[in-house]
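Written out below as structure tokens is the structure these notes cover.
A short reminder: the numbers here are calculations on the coordinates, not readings from a lab. All values derive from a computational prediction rather than experimental measurement. Positions of Cβ are backbone-derived with ideal geometry, glycine not excepted, and every protein chain shown enters the neighbour counts.
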Amino acid sequence: MASPPASIPDSQLGLTAAEVQLLRHHQHVALAGSSRAASQASSQGRLLLDAGSLAALSAHFDRLIVAIQQQWNMLYQQTQVATQAQSMRAYSAVQDADAEIERYQQILQQIDELQTEWQKVARIGEIVKGMRARVEALDRRI
């Protein structure tokens, strides 16, 4: 009869309860739920430490790390794309704002010029009114 696989009590690993639970879960996944010994050890608060179980757990964690790295890379690339797009939108918005400020400054300059012209015309109008009044006064005298 084969000897039972080596196992160790959860409490001897120096892990928190959450970490032990996570380790149990991953050992169960790594062994694809087919190991009766893993289920039995887990029900006794122990984890399997035989070479086969540890190799399966190691391979599982390697796959998990690769999957996490791939997900991280994908998120990093998406972040780069989003950042670049936002940067381009911000640059475009700044250019648009600069163009509008320039346009606004030109409009203000034109308003100032028109106001100056209006003042000149108003002054000339007053002079013309004054001259007209004098001409009418002279006309009445004559």
- Query: Given labels modelled 7 Å from the Cα in the Cβ direction, how far is it in nm from Gln109 to Leu23?
  - Reply: 7.6 nm
- The farthest towards the positive end of the charge dipole of the chain, of the residues Ala30, Asn73, Leu48, given +1 on Cβ of Lys and Arg and -1 on Cβ of Asp and Glu, is Asn73
- Note on the structure: In degrees, nearest 10, the alpha-carbon axis of helix 17-30 is tilted away from the dominant principal axis of the alpha carbons of the chain by 70 degrees
- Task: Compute the semi-axes of the equivalent ellipsoid of the stretch 32-103, taking the square root of 5 times each eigenvalue of the Cα gyration tensor, and list them largest first in whole Å.
- Result: 57, 11, 7
- Message: Tell me the Kirkwood radius of the chain: reciprocal of the mean inverse pair distance over distinct alpha-carbon atoms, in Å.
- Response: 23.7 Å
